[in-house]
Each structure stands twice: as structure tokens, then as C-alpha cells.
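Worksheet: one structure, shown below.
The values are calculated or read from the model by the stated rules, or taken from the named source; none is laboratory data. Note that the structure is a prediction, hence the values are computed from the model and not measured. Because the Cβ atoms are built from the backbone with ideal geometry, glycine has one as well, and the counts that use them run over all protein chains shown. Just so you know, the surface numbers come from the protein's heavy atoms only, side chains and all, with ligands and any DNA or RNA stripped out. Shrake-Rupley method; radii C 1.70, N 1.55, O 1.52, S 1.80 Å.
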Amino acid sequence: MVRYICVIHCLLILSLPLSAEMITPVPQPPKIDPAILQLGQQLFHDTRLSRDGDISCASCHDLSRNGADQQPLSRGTDGALGKLRSPSVYNAALNAFQFWDGRARTLEEQVDGPLHDPVEMASNWPDVMARLQQDQQLVASFSAIYPAGLTPETLRSALADFQRSLLTTNAPFDRWLQGDADAITAQQQHGFRLFRDYGCISCHQGANVGGNLFARMGSLENYFALKGDAIQTTDLGRYNVTGRESHRHVFKVPGLRTAALNSHFFHDGSVDNLEEAIRVMARFQLGRQLTDDEVVAMADFIQSLTGQHPFMDEGAQHEKR
């Protein structure tokens, strides 16, 4: 059945012109009160949200790079090693779901995840509020914006609004979609054609080129058989949220907007370069073995998805993996 559905998707995609906008440009960030954005940015870098005061959101989500970290698995407070690769916060506002297993529907709801996770921030709201309430300037800043002052709800709101501003715009591919014929190279156009014709675009679509669907890791071949006894609870994906057998090994499809800046790929960080990640996806999701030239072309296309943001280092925006 899965193979049949993939064939139908591919037939539909092949009927579209090359410029068909199953992928759409990243929109401009929403207009948000600058004072709220300043508060959100401050909190994003505030280590007082963690139990030991040693990490912040920015510890695992480096805004000067790809909005994530450069590690296969992220480390939390007191150096605790997590079991998942940190996703990028860039363009997270475009996702229909948050976290690899999609357990949060909003950016506000997402805040509670790392704050309470025992191997991330390992904290809780009473302790966080007790620490932050001692900061008279922070309390005054919140009171000036929010009628309720500094509360878990307003802290979530400020952090979520800050994340809504983290959209990477003006990518070469977006400029090409908007009519600039010279914005991407012939090689990148070829990579997009392969990406479209082979069916990658069935799951990686929309403004974030992903983030709006769930898919099984290993639709056409059992990816997790390679891990054998090393399978972790986190490898079960959405099954951990719903308990439904059909959701075993199902994950949110990651957006590809910052993929060319990643050092590691997939929920478990098991691949350390973009080209190999493309090969793995082709094999396990599409049942294809790509040539080296096809892999390079697709990687070049994915590079063209990289947009710009004031927090990103210029070198990171143009670096190829």
C-alpha cells in the first residue's frame, strides 16, 4: 500500500511544471512588538531556565549557525547526553507540529518540553519563576508589556513570538520561484527536477520544505533493522505520543531550509553529511539507488534553499556540507 501511494504521488508530481509551487517562498516575519522580541531573545539566551543555570535555549540552538547545534545528539544540563538531534528553530513557526514526534502543536506549548525534560533543562516552572522574579528589571519589562506581568504563560508567549521572527528569507530558490531566472544554477535546477520527479517533494513541501507531514522512517525498507538491539525509545517516534502501532517509527518530516548547514542528520544524528543523508533517504523512502551525480545535484539544490537572517553568520549562510 505504501509503495502504491508513492507511485500515485510520483505520477501526480511528474505532471507538474518545473516551477510548480509545491514549495513556496518563506514569508516575511510577522510584525511583532520590538519590546516583546527583545524579551524573547533575552529569555532564549537565559541560563536561569535550566536547573543548574548552565544552559539556555541557545545552547542547543545556535542562531549564528543553523538554529541547532553541530552535535549528533544534544547535551543538556550538567552535560547529560540526549537521545535526539536538536532540530533547527529557524522556520519552526512554519511547522504544523513541533518536536520530532509532533507532540506539540504550538510554539507556546513547545516551551514546556525542554524546560521539563530531565536530560535537557531538567527544571520546572516554580523554580524558574522563583529565580526570574528576583530580577527586578525583567519583572518590570514584563509588566510594561503584559497585564499579567511575568508568568509562565507570558514567558511562553515571549519565547514563541521571538521564534516566529526566526524566518530565513531571500533564499536563492525562493528568488527563482519568484521569477529571477538567474537566482539558481542549472545544476541546482537539475537537482530540483530530480527532487521533484523522484518523489522527495511528496513529503518535503511547503514554505519550510517539510514540517507539515508525518512519515515513517523507512517506508520501503526497514531502516531500524540496521540498528538491531540499539533501538531507543526515541526511535519509536510518534508511537510514543499516540500508542498506535501504525505510528511506530513515524516522525515529523523535517524542514530542509537549513539542511545544507547541518553537521548531522535524522532524529538520531546517525549521518554526518548531506550527501549520505540523501542516499539514505532515496534508499529507505523511495527504493532508489542514486548515482553520485544525482546526489551532488540534489545537494546543490538543497543548498539553494538556505535563506538569510540577521542572526546568522554570513559564512554559515553560504557554507556547503
Q. How much of the accessible area of the range 172-305, in percent, comes from carbon and sulfur atoms when a 1.4 Å probe is used?
A. 46 percent
Q. Which value, in debye to the nearest 20, gives the size of the charge dipole of the chain about its Cα centre, when Lys and Arg are +1 and Asp and Glu are -1 at the Cβ?
A. 820 debye
**Q.** the range 31-128 - percent relative contact order, Cα under 8 Å, separation 6 or more
**A.** 24 percent
Q: Taking a cut-off of 15 Å between Cα atoms, list the aspartates and glutamates near LYS252, but don't count ones fewer than 8 places away on the same chain.
A: ASP101, ASP235, ASP268
**Q.** Per residue accessible area of the chain, 1.4 Å probe, in Å²
**A.** 46 Å²
Q) How far, in degrees from 0 to 90, does helix 34-44 lean away from the longest principal axis of the Cα atoms of the chain, to the nearest 10? A) 90 degrees
Q) Rounded to a whole number, what % of the accessible area of the range 34-165 do carbon and sulfur atoms account for, probe 1.4 Å? A) 52 percent
(Q) Need one word for the range 15-96: rounded, prolate or oblate. Basis is the Cα gyration tensor (sqrt eigenvalues a ≥ b ≥ c); a/c below 1.5 gives rounded, then a/b vs b/c decides. (A) oblate
Q.
Sequence gap at least 6, Cα distance under 8 Å: using those rules, report the relative contact order of the chain to the nearest whole percent.
A. 24 percent
**Q.** Cα long-axis angle, helix 292-303 against the chain (0 to 90 degrees, to the nearest 10)
**A.** 40 degrees
Q.
Cβ neighbours within 10 Å, averaged per peptide: list 284-294, 185-195 in order, most packed at the top.
A. 185-195, 284-294
Q: Would you be so kind as to identify which of LEU226, VAL296, SER59 lies farthest towards the positive end of the dipole of the chain, taking Lys and Arg as +1 and Asp and Glu as -1 on Cβ and the Cα centre as origin?
A: LEU226
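Where a ≥ b ≥ c are the square roots of the eigenvalues of the C-alpha gyration tensor, would you call the range 98-234 rounded, which needs a/c under 1.5, or, failing that, prolate if a/b is larger than b/c, or oblate?
Numbers: a/c = 3.68, a/b = 1.52, b/c = 2.42.
Since a/c reaches 1.5 but b/c is at least a/b, the shape of the range 98-234 is classed as oblate.
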Q: Could you please put ARG131, ARG105 in sequence from largest to smallest accessible area, using a 1.4 Å probe?
A: ARG105, ARG131
Q.
Can you compute the charge dipole magnitude of the range 34-165 about its Cα centre, using +1 on each Lys and Arg Cβ and -1 on each Asp and Glu Cβ, nothing else charged? Give it in debye, rounded to the nearest 20.
A. 240 debye
Q. Mind checking the angle between helix 107-116 and the chain's longest principal axis? C-alpha axes, 0 to 90 degrees, to the nearest 10.
A. 70 degrees
Q) With the Cα gyration tensor of the range 172-305 giving a ≥ b ≥ c as the square roots of its eigenvalues, does the rule (a/c under 1.5 for rounded; else a/b larger than b/c for prolate; else oblate) give rounded, prolate or oblate? A) prolate
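For the chain, give the share of DSSP beta bridges that are antiparallel, in percent and rounded to the nearest 5; count only bridges with both residues there.
For the chain, the DSSP antiparallel bridge percentage is about 90.
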